Amino acid sequence: MHLRFLHISDIHFQVENYQSRRMRMRLLTKINELNQVNPFNFVILTGDLSHQGQGFNENQMRFFEEILRILNLSKKQIYIIPGNHDIRRNGDRTDLINEIVESNNPSNTLDEYLEDEENKSKILSSFEPFSTFYFDFLTKEYPLNDIHFLLETENYNIVHLNTCLIANRTGEEGTLLIGKNKLLDCLSNLGVDNNKLSIAIGHHTLECMADSDKNAMLSLFDDFNIDLYLSGHVHRAAYNIEANQYTNLLNIVSAGVHSDEYALGGFGDFLIQDGVAKVSQYIWNSEHEYWTLNNTLGRKMENGVLEYHIPKFSINNNRSEDEINYKKDKVKKELSELFSENERIFKQYGPFSITAQHTPVSEFAYMWKEKCITDIIPNNKKILEILECNKELISDDKLFILGLYKNHIEGFEMNHISKYKSSNVPTFPKEILTILD
């Protein structure tokens, strides 16, 4: 499985100060650069597209259409949920929410109200502007009445959560409710044997939910094999791996694409390959006005990238010994072909080759440098990428070899491309040839 997707949240489009406009403009440039290297398969928007209930307009639609155009994606490949700024508050809904919050058991009361058509209609009345925008932009109905809904594709599932059911006031973080029964109805469509990559998206972080509903969400995510939960709202990038009482669940929070006294600006870039999620968080540099990798989020992301082995696809948990050996043999074959090609070129054109001994120095140097640039360096990068993507196949006592090889190819590339040369480049570590044995 190879999937790459973009996670954007909290655009607050009506915030149009200089930094907000600049970061949106540069966002289009940045995602275009990223897409040229490795194309994105889809986009996720986790709410607060609007600001303070000011609604939606053509400018927002054009911005989202431009994102899709740059990434060469269709409107079937963008997934959108509402945030608390995307709703328009009204008196009837406010009164009903106060009833729910002041009841003896708010979580159960919301479940009951969502089964009553009149009360449910009042709760959902504030989402009409968002539903209209959703239809105008995607030309399909937003299934508001379902509360939460599932979209399935051949390779992945997206569970759309409405975390804003009782969102209505300042300082409500830690008290929000999900509608447990409706979430159970939604996830039941997945089945407990769900074996595809499954991503739940909500506007609010898990910490914004009341304890009762956060626990219910984690239990249901565990039972129905949800792999990732993506959110926004807090305007600060973060990650957390829930692993205390449940199967590991990766939570990723995207910072937002607007600037105020609190927001830093950020977006997420996800690559899922061979059961490993590689998550890059970008942050806005307001002084010099560009997007850069965010390496401030903790030790697991000190290089700007979080690597997370998705438990569902863990080779140790879910694959038999025969399957492991089959994959090892397949990877070994790929590596062997690349190593053999590099060896052939070295023997033919390298410093100790017959060609070197019988060719004028200047002509030989040119031939060897050309072969390094056009063949050996790209092969080295492919080898490293294959090994990085299959790190779970490497025993712990051999992982250091990967570092030796990385040092070698970095030095080799510097000596053949950079104007700076060094005689101290680490030699080729022969152990790399047996790293999977």
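The values are calculated or read from the model by the stated rules, or taken from the named source; none is laboratory data. Keep in mind that what you see is a predicted model, and the values were worked out from it rather than measured. No Cβ is skipped: glycine too gets one built from the backbone with ideal geometry, and neighbour counts run over all protein chains shown. For the accessible areas, the whole protein counts, side chains as well, though only heavy atoms, and no ligand, DNA or RNA atoms are used. Shrake-Rupley method; radii C 1.70, N 1.55, O 1.52, S 1.80 Å.
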> Restricting the search to region 141-154, which residues are part of a loop (DSSP other than H, G, I, E, B) and open to solvent by 80 Å² or more (accessible area, probe 1.4 Å)?
Replying inline: GLU141, GLU154
> How many residues are farther than 15 Å from GLY298 by Cβ, touching a residue at least 12 places away in the same chain (Cβ under 8 Å) and out of contact with any helix residue (DSSP H, G or I) (no Cβ under 8 Å at 6 or more places or on another chain) if we restrict to region 235-259?
Replying inline: 3
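Looking at region 170-226, which of the residues that are among the acidic types (Asp, Glu) and open to solvent by less than 10 Å² (accessible area, probe 1.4 Å) is farthest from GLU307 (Cα to Cα)? Working first, answer last.
The first filter runs over region 170-226 and keeps only residues among the acidic types (Asp, Glu), leaving 172-173, 185, 193, 207, 211, 213, 222-223.
With the extra rule that they be open to solvent by less than 10 Å² (accessible area, probe 1.4 Å), the set shrinks to 172, 213.
Numbers: GLU172: 33, ASP213: 28 Å.
Step by step, filter region 170-226, then rank; the result is GLU172.
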> Out of PHE42, PHE56, which single residue is in contact with a Pro (Cβ under 7 Å, 6 or more places away or on another chain) and of a type in the set (Phe, Trp, Tyr)?
Replying inline: PHE56
>> Quick check on my filter: what residues within region 5-26 are under 30 Å from LYS196 (Cα atoms) and either in contact with a Pro (Cβ under 7 Å, 6 or more places away or on another chain) or not charged (D, E, K, R) (or both)?
In response: PHE5, LEU6, HIS7, ILE8, SER9, ILE11
> Scanning region 19-49 for residues that are among the hydroxyl-bearing types (Ser, Thr, Tyr) and touching a residue at least 60 places away in the same chain (Cβ under 8 Å), which turns out surrounded by the fewest Cβ atoms within 10 Å (Cβ to Cβ)?
Replying inline: SER20
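Just checking, how many residues over region 227-249 are under 17 Å from LEU6 (Cβ atoms) and surrounded by 21 or more Cβ atoms within 10 Å (Cβ to Cβ)? Full working, then the answer.
Taking region 227-249 and keeping what is under 17 Å from LEU6 (Cβ atoms), we get 228-232, 237, 239.
Restricting the remaining residues to those that are surrounded by 21 or more Cβ atoms within 10 Å (Cβ to Cβ) gives 228-232, 237.
Residues meeting the conditions: 6.
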> Taking region 172-183 only, how many residues are within 14 Å of ILE97 (Cβ to Cβ) and out of contact with any Leu (no Cβ under 6 Å at 6 or more places or on another chain)?
Replying inline: 3
>> I need every pair where a residue in region 287-306 that is closer than 18 Å to ARG4 by Cβ has its Cβ under 7 Å from the Cβ of a residue that is open to solvent by 100 Å² or more (accessible area, probe 1.4 Å), sequence separation at least 6 or different chains.
In response: LEU306/LYS300
> Only one residue in ASP86, ASP116 is buried (at least 18 other Cβ atoms within 10 Å of the Cβ), among the charged types (D, E, K, R) and either more than 30 Å from ASN41 (Cβ to Cβ) or at pLDDT 95 or above (or both), so which one is that?
Replying inline: ASP86
